[in-house]
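The values are calculated or read from the model by the stated rules, or taken from the named source; none is laboratory data. The model shown is predicted, which means the values in this text are computed figures rather than measured ones. FYI the Cβ positions are ideal-geometry reconstructions off the backbone, even for glycines, and counts take in every protein chain you see. Heads up: the accessible areas ignore ligands, DNA and RNA and are worked out on the full protein's heavy atoms, side chains in. Shrake-Rupley method; radii C 1.70, N 1.55, O 1.52, S 1.80 Å.
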Amino acid sequence: MESRDLSLFIGQTEMGSQIESALGNHRLIIKETTTAGVEYLVDETEPNCVVTDHNPPAQDCFELLDTVAPEMPVIVAPTDGSSSLATRALRAGAKTYLDPTTLENGAAAIAAEIVGVEHPAETSHDEAKARIEEFSSLVSHELRSPIQKATSGIDLAKTQCESRYLDEVSETLDRMDELIDNLLGLMDTEGNTIDMEPVDLSAVIEAAWPDDTAATLDVDTELPSIEAERSRLQQLFENLFRNAVEHGGEAITVRVGVIEPADGSTSSTESIGLYIDDDGPGIEPDRRETVFEYGYTNSENGTGLGLAIVSEIVDTFGWEITVTESARGGARFEIYQLNMI
Amino acid sequence: MIDTSEKTVLIVDDEEMVAESYELYLQDDYETIVELSGGAALMELDQREVDLVLVDRRMPGMSGDVVIDHIDQWEMDFQVIMVTAVDPDIDIIDMPCDGYLTKPVSEDELLDAVNRAFQIDYYEDLIAEYNQLSEKYEVLTSQFSSRKLANKDRFADLEARMEEMETEIAETAEGFSDSKLSDAFRRLH
């Protein structure tokens, strides 16, 4: 941990201290001269990156770049910079050139650069996450607001006239709303790290079951807790339930339970998976491979995203999902590799 | 129980068609007023009494957030439901509102949220009244012997009212459409 967050700064102690406080938990070794910095590099733990001033003869970035291993990232941050120095430093092998005098808070900018070098994956992940959140918010507002307006208009129009077309438009709007929910859910699945914790399966299943259906849910009386992220697990069940009701209609019964080992042992620690099945029309064997693909749907009202999102979530959790035929002739989804508690 | 016909809901949304549809959904059960901006809503609140404000979060000019901040600062005593097209974020924890709906809002969702907000308000009133009676009961039972109190008609009325209220509180908590909310209130009770 210590070597991972260790950097070397060659330059004035005052600037070094400012960078150090901007870095927070990262450790920064400060050396006033290039000679002292090179000596440190030879004798001590290798830092993750070196930041150097360029103010010869005390600090000479070219001398440093000649000495350090080519894979060592060097950030050149001169107190008296120029475009020609920037060009020469980058040509000599500097990873980044940053002129702190041109920035409002030079020390903070250098600290951010150090973090970016030390944790490139985290930085790019954070940036990607921020972009996805921004986009989600935009999609959410820019699409849901007009859907609300159109829905409101349809409901008001229904008070003035009767038309089957109004009902059809209502249904289309409902479908668009569902599509937006799915898209936003998908962005959430792709854009964030997961936070696994023990989750009460029964509670999640109850919350995921749609309120507006007459279909029946039959859940095993004793379901275990499992390691998962609650919100995504709920979305997984919501999508599987919606899929069952969309294809099987309001008369179907959906069952959820634990797949026990073949020897009939009932110990929860030996349970091997979960099943979600129904007595609907089922899925043809030749279509079972493709149901998890984006855009696949054989339902007039399907978006082709629901089961693809289920598959994404299962992958994110490190589980496996298969689809087969239930004993009652409907579809049966089986989820394996989950950690039951 | 709650007499909803006497309740007034102020609907605030810059989209006239959306505001009118909310009015349509609610008009059979509630008195409604519509305002198309945050500023106009605050002026309305200054002039007449309302029981619930249904406010759009993103509006040009004064946003729903600013409207509910004013309501909070003015310490106005009514329920507030925020309606928004954006999925709720962690910031709603600090938001002084009693409900949060995500657009598009259906008639059932809107009615359910408004009914629930009034039910919670009613429940809170019951609890406050019960606590008052309970305080008086404690004072009287520590001051007088049970034999003396047994002869007092007004003490018997107090006991009867408390018993009545206990039943009413339990029934109100049971009546919440959301079973999780019922469970939570049952635990509190």
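Of the numbered conditions (1) within 14 Å of chain B (Cβ to nearest Cβ); (2) in a helix (DSSP H, G or I); (3) at pLDDT 70 or above; (4) more than 30 Å from A:Ala111 (Cβ to Cβ), A:Tyr165 satisfies every one except a single condition; which is it?
Of (1) within 14 Å of chain B (Cβ to nearest Cβ); (2) in a helix (DSSP H, G or I); (3) at pLDDT 70 or above; (4) more than 30 Å from A:Ala111 (Cβ to Cβ), only one is false for A:Tyr165: (1).
Answer yes if at least one residue in the stretch A:147-158 is surrounded by 15 or more Cβ atoms within 10 Å (Cβ to Cβ), out of contact with any helix residue (DSSP H, G or I) (no Cβ under 7 Å at 6 or more places or on another chain) and facing chain B (nearest Cβ under 9 Å), and no otherwise.
Within the stretch A:147-158, not a single residue is surrounded by 15 or more Cβ atoms within 10 Å (Cβ to Cβ), out of contact with any helix residue (DSSP H, G or I) (no Cβ under 7 Å at 6 or more places or on another chain) and facing chain B (nearest Cβ under 9 Å).
Take B:Val50 and tell me if it is more than 14 Å from chain A (Cβ to nearest Cβ), in contact (Cβ under 8 Å) with a residue 40 or more places away in the chain and open to solvent by less than 10 Å² (accessible area, probe 1.4 Å). Steps first, please.
Values: more than 14 Å from chain A (Cβ to nearest Cβ): yes; in contact (Cβ under 8 Å) with a residue 40 or more places away in the chain: yes; open to solvent by less than 10 Å² (accessible area, probe 1.4 Å): no.
Answer is no for this residue.
Step by step: first the residues of the stretch A:232-253, then only those that are without any contact (Cβ under 8 Å) to a residue 40 or more places away in the chain and within 30 Å of the chain's Cα centre (by Cα), then the one that is farthest from A:Gln337 (Cα to Cα). Which residue is that?
So, considering only residues that are without any contact (Cβ under 8 Å) to a residue 40 or more places away in the chain and within 30 Å of the chain's Cα centre (by Cα), the one farthest from A:Gln337 (Cα to Cα) is A:Val245.
Consider A:Leu223 carefully, then state whether it is within 30 Å of B:Ser21 (Cα to Cα), open to solvent by less than 80 Å² (accessible area, probe 1.4 Å) and hydrophobic (A, V, I, L, M, F, W, C).
Values: within 30 Å of B:Ser21 (Cα to Cα): no; open to solvent by less than 80 Å² (accessible area, probe 1.4 Å): yes; hydrophobic (A, V, I, L, M, F, W, C): yes.
Here the answer is no, as A:Leu223 does not meet what is asked.
Going by the conditions given, is A:Gly282 modelled with pLDDT under 90, open to solvent by less than 50 Å² (accessible area, probe 1.4 Å) and touching a Lys or Arg at 6+ places or on another chain (Cβ under 9 Å)? Full working, then the answer.
Values: modelled with pLDDT under 90: yes; open to solvent by less than 50 Å² (accessible area, probe 1.4 Å): yes; touching a Lys or Arg at 6+ places or on another chain (Cβ under 9 Å): yes.
For A:Gly282, the condition - modelled with pLDDT under 90, open to solvent by less than 50 Å² (accessible area, probe 1.4 Å) and touching a Lys or Arg at 6+ places or on another chain (Cβ under 9 Å) - is met.
With respect to B:Ile81, is the statement that it is within 16 Å of the chain's Cα centre (by Cα) and under 17 Å from B:Ala173 (Cβ atoms) true?
So B:Ile81 does not fit the description; no.
Using the structure shown, decide if A:Ile147 is modelled with pLDDT of 85 or more, of a type outside the set (D, E, K, R), within 25 Å of B:Leu24 (Cβ to Cβ) and out of contact with any Phe, Trp or Tyr (no Cβ under 6 Å at 6 or more places or on another chain). It would help to see each step written out before you state the result.
On the way: modelled with pLDDT of 85 or more: yes; of a type outside the set (D, E, K, R): yes; within 25 Å of B:Leu24 (Cβ to Cβ): yes; out of contact with any Phe, Trp or Tyr (no Cβ under 6 Å at 6 or more places or on another chain): yes.
Criteria met by A:Ile147.
Looking at the stretch B:113-138, which of its residues are without any contact (Cβ under 8 Å) to a residue 60 or more places away in the chain and basic (Lys, Arg)?
B:Lys136, the sole residue that qualifies.
Residues that are acidic (Asp, Glu), within 14 Å of chain A (Cβ to nearest Cβ) and in contact with a strand residue (DSSP E or B) (Cβ under 9 Å, 6 or more places away or on another chain): does the stretch B:107-126 have at least one? Quick ask: steps written out before the conclusion?
Restricting attention to the stretch B:107-126, the residues satisfying the condition of being acidic (Asp, Glu) are B:107-109, B:112, B:121, B:124-125.
Right, trim to within 14 Å of chain A (Cβ to nearest Cβ) and you get B:107-109, B:112.
Next, only the ones that are in contact with a strand residue (DSSP E or B) (Cβ under 9 Å, 6 or more places away or on another chain) stay: B:109.
Checking the stretch B:107-126: at least one residue is acidic (Asp, Glu), within 14 Å of chain A (Cβ to nearest Cβ) and in contact with a strand residue (DSSP E or B) (Cβ under 9 Å, 6 or more places away or on another chain).
Restricting attention to the stretch A:10-35, report how many residues are open to solvent by 30 Å² or more (accessible area, probe 1.4 Å) and of a type in the set (A, V, I, L, M).
Number satisfying all stated conditions: 3.
Counting just the residues of the stretch A:130-142 that are more than 8 Å from every other protein chain (Cβ to nearest Cβ) and surrounded by 15 or more Cβ atoms within 10 Å (Cβ to Cβ), which one comes out nearest to B:Met59 (Cα to Cα)?
A:Val139
Do any residues in the stretch B:60-85 that are within 25 Å of A:Ser136 (Cβ to Cβ) have Cβ atoms under 6 Å from those of residues that are assigned to a strand (DSSP E or B) and of a type in the set (Asp, Glu), where the two are at least six apart or on different chains, and which pairs are they?
Every condition considered, the pairs that remain are B:Gly64/B:Asp56; B:Val83/B:Asp56.
Within the stretch A:82-117, how many residues are of a type outside the set (Val, Ile, Thr), over 27 Å from A:Asn25 (Cβ atoms) and either outside any helix (DSSP H, G or I) or open to solvent by 30 Å² or more (accessible area, probe 1.4 Å) (or both)? Please lay out each step first, then the result.
Here is the first cut: in the stretch A:82-117, the ones of a type outside the set (Val, Ile, Thr) are A:82-86, A:88-95, A:97-100, A:103-109, A:111-113, A:116.
Then drop every residue that is not over 27 Å from A:Asn25 (Cβ atoms), which leaves A:82-86, A:88-93.
Applying the additional criterion that residues be either outside any helix (DSSP H, G or I) or open to solvent by 30 Å² or more (accessible area, probe 1.4 Å) (or both) yields A:82-84, A:88, A:90-93.
Count: 8.
Tell me, please, whether a residue that is touching a helix residue (DSSP H, G or I) at 6+ places or on another chain (Cβ under 7 Å), away from every other protein chain (no Cβ under 14 Å) and not in a helix (DSSP H, G or I) can be found in the stretch B:66-78.
Yes: the stretch B:66-78 contains one or more residues that are touching a helix residue (DSSP H, G or I) at 6+ places or on another chain (Cβ under 7 Å), away from every other protein chain (no Cβ under 14 Å) and not in a helix (DSSP H, G or I).
Which residue, of B:Ile92, B:Ile81, B:Ile11, B:Ile71, is closer than 21 Å to A:Ile154 by Cα, open to solvent by less than 70 Å² (accessible area, probe 1.4 Å) and outside the structural domain of B:Ala170 (by TED's automatic domain parsing)?
Working: B:Ile92 fails: closer than 21 Å to A:Ile154 by Cα; B:Ile81 fails: closer than 21 Å to A:Ile154 by Cα; B:Ile71 fails: closer than 21 Å to A:Ile154 by Cα.
B:Ile11 is the lone residue from the list that is closer than 21 Å to A:Ile154 by Cα, open to solvent by less than 70 Å² (accessible area, probe 1.4 Å) and outside the structural domain of B:Ala170 (by TED's automatic domain parsing).
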